[in-house]
Amino acid sequence: MDFDSDFLKKFHNPENKKNHTEQNKKNIDTDKNKMLINEFNIDLGEHLLHPLPDKDYFISCYKKCFELIYGVREKKAKKFNEQNIKSLEDLSNDIKYSGFVKNLFKILDDGFHEIKKIFGRRFSSSHKMAFLLLSFFKKEDLLFLDIETMTLFPETQIITIGCGFFQNNNFKTIHLTALNEEGEYEILNEFKKLLETKKAFVTFNGKSFDVPFIDMRMSYYNIENNLNIYHNFDLLFFTKKAFKGLQKSFTLKEIDKNILKKYRKNDISGDDVFYYYNKYKITKNMNFLKPIINHNKEDILSIALLLHKLISVWCKN
Amino acid sequence: MKNIETLLNKLKKENFYKNQIKEIIKIPDKKPEFDTNINFSKNTLKYLKGLKIENLYIHQAEAIKYIRDGKNTVITTPTASGKTLIFNIAILEELEKNFGVKGLFIYPAKALANDQLNGLNQMKKLSGIEFTAGIYDGDTPSDKKKYLRENADIILTNPYELHQILSYHSKWKKFFKNLKYVVLDEAHRYRGIFGSNVAFVLRRLKRILKYYNSNPLFILSTASLANPLEFAEKLTGEKFICVENSGSPSGIKYLCLWDASQLPEKSVHTQTKDILLYTTKNSFQTLAFTTSRRLAELIRMWANKEEKNIEILSYRAGYEPSIRREIEKKLKEGIIKGLVSTNALELGIDIGQLDVIIISGYPGTISSFWQQAGRAGRKMQPSLIFFLPYEDAMQKYLIKNPEILLNKKFENAIISLENKNILSGHLLCSISELPAIDKNIFSDIDTSEILNIVIDKGLVKKTSHGFIYTGSERPQNIVSLDNAGGKNIKIKIDGKLLEEISITRAYREAHSGSIYLYNGETYFIKELDLNEGIAHAEKKDVDYFTEPLKNEEVKITNIIKSKKFKSFELFFGNVSVTEYYKGFKAKKYGEVIFYEDLQMPPLHFNTQSVWVKLDDEIKENIEKLKLDFDGALHAAEHALIALSPLFAMCDPNDLGGLSYPVYEDGSPFIFLYDAYEGGIGLSEKLYDIFYNLLSETIEMVKKCECESGCPSCVYAHNCGNNNNPIDKAGAVVLMEKMK
Ligand SMILES: [Zn+2]
Ligand SMILES: [Zn+2]
C-alpha cells in the first residue's frame, strides 16, 4: 500500500517541519557529546544572608495554630483568640479539646513526617504553616528546580534540567542540557546524582509540572527514583496566597516584574525554548542553546528570590 | 391474558391497514437449560442466592469453567442472557482466592459502566467479599483517580480513557502488575475504524503489561457474529475459546414484517405512529425505535396529538440515571404505555422488558436489530416485534428474506490491523509509553517497515536505551480513536467542537448544505472550509436529510491476491480512488425536495478494494439477449454494494463502488472499495465471502417486484449518474452467468 505519510507530519510541532529530516541525519551520528553541563556562581547579594525560618519560630506558630484541631476552621480559631485562649496549651485541660491537643503535641515530637501528614489533612497547600516547614531544613538541603521541555506533555522529552543550591554561602546553578536523543537519559542520571545530597525541592508549579515530568521521564527509561520522598516547596501556592489581589497572572515573569522588581535582560519566552532547541538540532550550533540556558537560569534565580521574599513577608516575628 | 394473535388479527381491521403485513414469523419459545454440576464457594453461593439464582445457565457455567482453566473466552449469547454474571463471578472467585488481584472492565459507553458498577457493588454486599470498584474516565475527579489507581480492585473504564492513561503506567504499576482479567463488554462495538484503533490500544496495553510481567486473561462478550473467534483474536491478539450456546429462556416471539409501501399516501413514520397508538390503546406496552432523535420527537408528538389519554414519551441519549430510573419505574407501573426512542436505548441499558417493539428503519446491523428486538418479552411472556424497513435495497430485502435476520450468525465484525495511518499512530503512542527494544513493537504484527518510516521522519530514534519517541507533539493527542489518521475535519458549532471526522466522511456527510446527524440530533452544515479543516454547523431541527452525488475513478496500484471463478476473476488489492462530488439531494420521506450543486475539489485517497474482472464473452451474451450491458453492469454494482454491509458490518457510506464497461485493459470491471484512507478491512472480508454476496444479491434483485429497477433493488441514492444507465433484468442475467 502507498502510505500517505502526510499524517506523520502532525507529530512534529509546526516549528519543526522545515528541513527536519535531512539536516538531522547529517549531524546526529557525529555527536560525541550527549550532554551539556553549565554552571554559574551567582551573587545574590544581601539575599544570601537571609536565613530560613528557625525551629523555635515554627514551634511557636504551631502552638498558636488552632486550625490543626479537627473541626476547627478560621472562624472558630478567631473565637479562641477572643476568649483569650492564645495557644494549644491553653486548651490542654479543656474536656472537648484536650485529647486533640495531646495528640498534636505528640505529632510535634514525632517530627517532620507526622507533621507533614497532619498538615496535608488540615491545610491547603498554600497555608503559611506548610511554608514554615522550611524550618526543618538547612539552606544546603534545598534544591531549586526548573525544567525546559519540548511540550507540556511528559510523553515528549526534557531539554534542560536546571538546579540551584547554596554551597559554602554561595548560590550556584547547574543546567543539564540534552544535546541529542541520547542526552535525556544522561541528564536524568546526572540529576539523580545531584539529588543525593539534597532533601527538598523548591519549585514554582513544580508539584504539578516539573517533578511529575521528571518522574515520568525517569520511569520511561526505567531509571529508579525516589522523587516522591523529597518535600516540594511549591512557591506558586504560597505566592498566590501571600500576594493575593496583587496580580492576576502568576507566571514567573509577571512575578519578577511586580513582586521581585527583577528585570530580565534579553530573556526569551518559555514558548521560544522549543524554537531555539530545534534551531540547535538542525545546525548543531551551541549558540542556539544559550538563550535556553539563560532563560532557565533566570527562572531559577526568580524562584530563589521569591523564596527570600516570602520569608521576609511571612516570617517577621 | 393478552393475546398477540388476537391483537394482530384485529389490527387488520383498522383503517390504516392496507395489507402491509408481508409475513408474521413465529419464533418458538425456549426453555431454560441449566448446568447443575458446577460448584461454587460459599461466598459465591451467597451472591447467587442474593440474586435469587439457583442454577446457572449452561453458557454461564461453560464460560466460567473455561475461565477457571485460564482460557481467553468470548461469549456470544443474546442480549439479557446474563453475561455480566459471568464476568462478576470470574473476578469474585479470583478476589476470594488471591488478595490483591485486579480486574479491568472496559465498556464502549458510559451508561453501561454506570450500570455495571451498581452490579459490582451489589455483588460486594451479597457475597461479603470486600473489594473496591470504581469508574475511571474523563469525568472522574483527579483525587478520585489517584485513589482508584492505588486502591481499586476493579476499574471500569472506556477505550478513550485507556488511550490517554497508558503513558502514566508507572502510576498504575500496582494495578497492572496484579491484573488478572481484562473484560471487554459489548465488544462487537469495537469494529471498523473505532475497533481497529481499539485493537491497537489493547496491544499497547499488553505491551505495558508484559513490561510488568503481567499476563491477564481476556473475557469478551459480543453480539452474535459470523466470526467471533477471528474477531476476538484480531481485537486482542490472543487465542480464544467461544461460548455460543445459550441456556437462557425466551418466550414466543412474533416477528411481523411490515411493508409500508403498500400504503403510499402515508409515510413509514406515520405508520409507525399508527401501530404505536394501536398497540398501546390495546394495553400492550410498546417501545418504538427510530433512526433519529427528530423522528422520535415527531412520532411522539403526532401520537400525543391524536390520543391525549395515552401517555407516550420519547427517550434520547444522555439521560441521567435518575431519569432512566424514573422512566423504568413508570414503565413497570404501567403509567407509560409507549416510548419512542433512538438507538440510545439499545446499548445494554436496563429499562425492563416490553410487550411490543417497533423497529422503524433498519438499525444498520443484524446485531443491533436483535438488540432492539431483545427489549421485547417480559418473563417468558409472548411478545411482538414489528419491523418497518425504509425504502432501501438492503432494508426491503430483509423483509423478503427474513431468514437472514433470523440467522444471527450472518454478520462479520471487521477490524483492520493493516491500515498504516492507524498503525503508525499507535506505534508512536506505544514507543512514547515505553522505549522499544525490538523492531516488532506488537508481538503479533510486523512493524519493522513502519518503524523505519517513522525513524526516517525523525519521530523515533534508535538509542542505547532502545527506540525512543522524539516527536514534538504528544502522540496520544494526535491519534483519535474515531479516525483513521489522514486529514480530519472539525465540525464546530459557534467555534465549539462537536466532533472530528475524517475528510472522506466530511465529503459525504458534512459538505456545505448537508444535514449532519450526531447522536440522533440534526445539524445544518453552513460551510465546509477545507483549507481551515472546519465544517461550520448549527443545530437545526429538520425533517429532511441529504445525500451527495458523486462520480469516481479507481486505479489499481497493487494486486495482493486473486482467485478464478467460472466467468470472472476476483481480486483483492490496493487502489487509488478519486471521488468527484457534484452536488447533493435533499430528501423528505423518500422524496427529493431539492437539489443543489457542490463546488469541491476532487477527493483522493489510497485504499483497499475487491474487484471483479469479467470475461469478455459475458458482454456478448448479454447483448445477444437484447439487454443493455452497461446498464446491467451498473445495476449489478449498485446491488452488490447495497448488500455488502449485511456481510461486513459497516455503514453503507463505509464502502464505495464503481463499474467500468471497459476498463484500462479492455475488460469490464466492478470495484468495491473501503471508503477510507488506508482501508479498514471491509474489502478483504468481501473478497473472502464474495460468492455468498453474489448469491444473495441475485436473490435480492430477482425478488424485487418492481419492473425495471427501484431504490429497493438496483437504484443507489448517491449515484452520480442518476442511476443511468440501469438494466435490472440485465443485472440478473449478468450475475447468474457469473455464478
Ligand atoms: Zn426494485
Ligand atoms: Zn451508479
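The values are calculated or read from the model by the stated rules, or taken from the named source; none is laboratory data. Nothing here was measured: the structure is a model prediction, and the numbers come from that model. For neighbour counting, all protein chains shown are included, and Cβ atoms are generated from backbone atoms with ideal geometry for every residue, glycine included.
Does A:Leu260 satisfy the criteria of being modelled with pLDDT under 90 and surrounded by 15 or more Cβ atoms within 10 Å (Cβ to Cβ)? Here the answer is yes, as A:Leu260 does meet what is asked. Of these, B:Ile422, B:Ile441, which one is part of a loop (DSSP other than H, G, I, E, B) and touching a Ser or Thr at 6+ places or on another chain (Cβ under 8 Å)? B:Ile441 is the lone residue from the list that is part of a loop (DSSP other than H, G, I, E, B) and touching a Ser or Thr at 6+ places or on another chain (Cβ under 8 Å).
Tell me yes or no: at least one residue of segment B:135-146 is surrounded by fewer than 18 Cβ atoms within 10 Å (Cβ to Cβ), among the β-branched types (Val, Ile, Thr) and away from chain A (no Cβ under 14 Å). Looking through segment B:135-146, at least one residue is surrounded by fewer than 18 Cβ atoms within 10 Å (Cβ to Cβ), among the β-branched types (Val, Ile, Thr) and away from chain A (no Cβ under 14 Å).
Looking for whichever is part of a helix (DSSP H, G or I), of a type in the set (S, T, N, Q), on the phi < 0 side of the Ramachandran plot and modelled with pLDDT of 80 or more here; the options are B:Asn309, B:Asn304. Which one fits?
B:Asn304
Close contacts from segment B:478-494, counting a first residue that is within 10 Å of chain A (Cβ to nearest Cβ) and at pLDDT 85 or above and a second that is part of a loop (DSSP other than H, G, I, E, B) and surrounded by fewer than 21 Cβ atoms within 10 Å (Cβ to Cβ), with Cβ to Cβ under 9 Å and a gap of 6+ residues or different chains, come to none at all.
Residues that are within 16 Å of ligand 2 (Cβ to nearest atom) and surrounded by fewer than 20 Cβ atoms within 10 Å (Cβ to Cβ) were ranked within segment B:683-716; the one that is farthest from the chain's Cα centre (by Cα) is B:Ser708.
For beta carbons closer than 6 Å, sequence separation of 6+ or different chains, a first residue in segment B:670-689 that is assigned to a loop (DSSP other than H, G, I, E, B) and a second that is of a type in the set (Lys, Arg), the qualifying pairs are B:Gly678/B:Lys420. For segment B:147-162, the set of residues classified as farther than 21 Å from B:Gln476 by Cβ and either outside the structural domain of B:Gly119 (by TED's automatic domain parsing) or not β-branched (Val, Ile, Thr) (or both) consists of B:Tyr147, B:Glu150, B:Asn151, B:Ala152, B:Asp153, listed by residue number. The single condition among (1) within 16 Å of ligand 1 (Cβ to nearest atom); (2) of a type in the set (Asp, Glu); (3) within 14 Å of chain A (Cβ to nearest Cβ) that B:Asp674 does not meet is (1). Could you check, for segment B:453-461, whether at least one of its residues is within 14 Å of chain A (Cβ to nearest Cβ), in a helix (DSSP H, G or I) and of a type in the set (D, E, K, R)? Looking for residues that are within 14 Å of chain A (Cβ to nearest Cβ), in a helix (DSSP H, G or I) and of a type in the set (D, E, K, R), one finds at least one in segment B:453-461, hence yes. Looking across segment A:157-192, just one residue is closer than 14 Å to A:Tyr221 by Cβ and hydroxyl-bearing (Ser, Thr, Tyr), and that is A:Tyr185. With respect to the conditions (1) crowded, with 24+ Cβ neighbours inside 10 Å; (2) farther than 22 Å from B:Asn574 by Cα; (3) more than 16 Å from ligand 1 (Cβ to nearest atom), B:Lys626 lacks only one, and its number is (1). Count of segment B:715-729 residues, restricted to those that are under 24 Å from B:Ser261 (Cβ atoms), away from ligand 1 (no atom under 11 Å from the Cβ) and either within 14 Å of chain A (Cβ to nearest Cβ) or in contact with a helix residue (DSSP H, G or I) (Cβ under 6 Å, 6 or more places away or on another chain) (or both), is 2.
Among the residues making up segment A:181-208, those that are closer than 15 Å to A:Ile159 by Cβ, surrounded by 18 or more Cβ atoms within 10 Å (Cβ to Cβ) and more than 11 Å from chain B (Cβ to nearest Cβ) are A:Ile187, A:Phe191. Considering segment B:466-560, the qualifying strands (runs of 3 or more DSSP E), each wholly inside and each with 1 or more residues that are surrounded by fewer than 22 Cβ atoms within 10 Å (Cβ to Cβ) and among the hydroxyl-bearing types (Ser, Thr, Tyr), run over B:515-518, B:521-529.
List the helices (runs of 4 or more DSSP H) that sit entirely inside segment A:209-314 and contain at least 1 residues that are more than 14 Å from chain B (Cβ to nearest Cβ), more than 30 Å from A:Lys128 (Cβ to Cβ) and more than 17 Å from the chain's Cα centre (by Cα).
A:273-283, A:290-314
Of all residue pairs spaced 6 or more apart or on separate chains, those with beta-carbon atoms under 7 Å, a first member in segment B:326-340 that is within 21 Å of B:Lys273 (Cβ to Cβ) and a second member that is modelled with pLDDT of 80 or more and basic (Lys, Arg) are B:Ile336/B:Lys330; B:Val340/B:Arg300. The residues listed here are B:Ser712, B:Ser659; of these, the one that is part of a strand (DSSP E or B) and either touching a helix residue (DSSP H, G or I) at 6+ places or on another chain (Cβ under 7 Å) or away from ligand 1 (no atom under 16 Å from the Cβ) (or both) is B:Ser659. Within segment B:441-453, at least one residue is surrounded by fewer than 24 Cβ atoms within 10 Å (Cβ to Cβ) and modelled with pLDDT under 90.
When segment B:378-404 is filtered for residues that are away from ligand 1 (no atom under 16 Å from the Cβ) and of a type in the set (Asp, Glu), only B:Glu403 remains.
Within the set A:Leu176, A:Leu132, the sole residue that is under 22 Å from A:Val313 (Cα atoms), away from every other protein chain (no Cβ under 14 Å) and either in a strand (DSSP E or B) or not basic (Lys, Arg) (or both) turns out to be A:Leu132.
Please go through segment B:576-631 and pick out each residue that is touching a Gly at 6+ places or on another chain (Cβ under 9 Å) and within 14 Å of chain A (Cβ to nearest Cβ). Scanning segment B:576-631 gives B:Val577, B:Phe605, B:Asn606, B:Thr607, B:Gln608, B:Ser609.
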